[in-house]
Amino acid sequence: MIDVTAPIEQEGTKAVVRAWLKQVGDKVEVNDPLVELETDKVAVEVPAPAAGILREIVLHSNDEAAPGAVLGRIAPMVEVTSENTVRAEPVEALPSSDTEREGQPFDKLRANGDEGREFRLSPSVKRALLQHDIDPARIQGTGRDGRITRADVDKAVEMATTTHQGPRTTAQPMAVAPSDASIASHSVPHDRMRLRIAENMLNSVTQAPHVTAMFEADFSAIMAHRARHKDAFAKAGVKLTYTAYLVAAAAEAMKVAPAINSRWHDDRLEIYDDINIGVGTALGSKGLIVPVLRKIQTLSLQGVAAGLDALVEKARAEKLSSQDVKGGTFTISNHGVSGSLFASPIIINQPQSAILGVGKLEKRVVVREVGGVDTIQIRPMAYVSLTIDHRVVDGHQTNGWLSRFVEVLETWPLD
């Protein structure tokens, strides 16, 4: 028997088994996707280390998987000898209820009893539907154009399947004693990602003294630049977003306060030469993930925009690899996209030393001096904040960084 093991190196605090993509008795080839693991940062597929038959599942859905833990076992190919030939063939596979359906195209699956309707599905979604024998007609898709996402399948599985531990419906209110019997309430269990996020946030505020400084930025210059150049970027296949300007301006501001781009150690401060910026990307009710764009100091605005576009698409399609979320040296939280004007403190993404928060962009009345005379103008404004680890830097470096960041945004050249 050959062990299937969890990766020794993982990005995130803890890993749990999300779903098996093959069942006991299924034939597998080398590097076939075998089981999905999930941490608070990324979901990864563990491939089959050898060809053969999946004979044992050791860790089931929702079980914690430590680095190097045995997830399952494969019976390898065996040699069958006759008088004149020696050939390799797998151990006889147990029957699989999914045999017929596995032959269907990966991107389409026709619902049982609904021959007039086709569902376009990603490979991950299709595997999950086949694994749990779920009719896609019974799932209301929440993705673009009503497409079924992996999260939709997971929710359906949680509500309707029986795990190795017995029947449960984790998405339903739990029958537990209320904390205060005089108040009507119900309980909903935490999902794995929310638990991991909670653990990381508590560790961060416990470890680092958080201090937040807040400035205001005028977006007139970058709005004008974007209006002039977004079509040219689009022709090159690049979506030019405001976030690209924020990332580029943050990298420029590191020049006046390099310690913002650092990591605290008990005996030293490690200042990074590379600027690897993570951008918080919301995953709806599932939480938040932070894909990382590397070596910003070497990229043009177009390079930044292209890199961000690719990472965000991968994040929302749940296709980020462990490499896509590791190695960050600074983080941007664009919380204004959901309507927030200001948030404090925004919890630092440990072991980094600072995090930038950007509030909602809106028109405000401001005073501007024109020819020595104060004038009242309407400008597109947003609050920008920098939350720092006060062990690393003080107010002088914090305000210096924010001053330069705002200056870059407000003086962005038109061409």
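The values are calculated or read from the model by the stated rules, or taken from the named source; none is laboratory data. Quantities reported herein were computed from a predicted structural model and do not represent experimental measurements. All Cβ positions, even for glycine, are placed from backbone atoms using ideal geometry, and neighbour counts span all protein chains on display.
General observations
Let's see how each residue does on (1) farther than 30 Å from residue 47 by Cα; (2) surrounded by 19 or more Cβ atoms within 10 Å (Cβ to Cβ):
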site: 318; (1), (2): no, yes
site: 331; (1), (2): yes, yes
site: 335; (1), (2): yes, yes
site: 374; (1), (2): yes, no
site: 407; (1), (2): yes, no
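- Identity of the residue in segment 181-223, among the acidic types (Asp, Glu) and not in a strand (DSSP E or B), that ends up nearest to residue 389 (Cα to Cα): 199
- Condition check for residue 364: modelled with pLDDT under 95 and either in the same structural domain as residue 199 (by TED's automatic domain parsing) or not in a helix (DSSP H, G or I) (or both): no
- One residue stands out among those in segment 221-237 that are among the charged types (D, E, K, R) and closer than 15 Å to residue 414 by Cα: the one that is surrounded by the fewest Cβ atoms within 10 Å (Cβ to Cβ), which is 231.
- Taking strands (runs of 3 or more DSSP E) as the structural unit, those lying wholly within segment 1-76 and holding at least 1 residues that are under 23 Å from residue 351 (Cβ atoms) and of a type in the set (D, E, K, R) correspond to 33-38.
- Beta carbons closer than 6 Å, at least 6 apart along the sequence or on distinct chains, pair a first residue in segment 262-284 that is within 30 Å of residue 151 (Cα to Cα) and assigned by TED's automatic domain parsing to the domain that holds residue 347 with a second that is part of a helix (DSSP H, G or I) and not aromatic (Phe, Trp, Tyr) for 277/247; 277/296; 281/312; 281/315.
- For segment 367-379, filtering for residues that are in a strand (DSSP E or B) and at positive phi leaves 0.
- Scanning segment 387-400 turns up no residue that is in the same structural domain as residue 260 (by TED's automatic domain parsing), more than 21 Å from residue 211 (Cβ to Cβ) and not in a loop (DSSP other than H, G, I, E, B).
- Residue within segment 23-41 that is acidic (Asp, Glu), closer than 30 Å to residue 280 by Cβ, modelled with pLDDT of 50 or more and in contact with an Asp or Glu (Cβ under 8 Å, 6 or more places away or on another chain) present: yes
- Flag for residue 324 being closer than 27 Å to residue 236 by Cβ and either in a helix (DSSP H, G or I) or of a type in the set (A, V, I, L, M, F, W, C) (or both): yes
- Looking at 401, 412, just one residue is of a type in the set (Phe, Trp, Tyr) and under 23 Å from residue 239 (Cα atoms), and that residue is 412.
- Matching option when the condition is out of contact with any His (no Cβ under 9 Å at 6 or more places or on another chain) and touching a residue at least 12 places away in the same chain (Cβ under 8 Å), among 359, 336: 336
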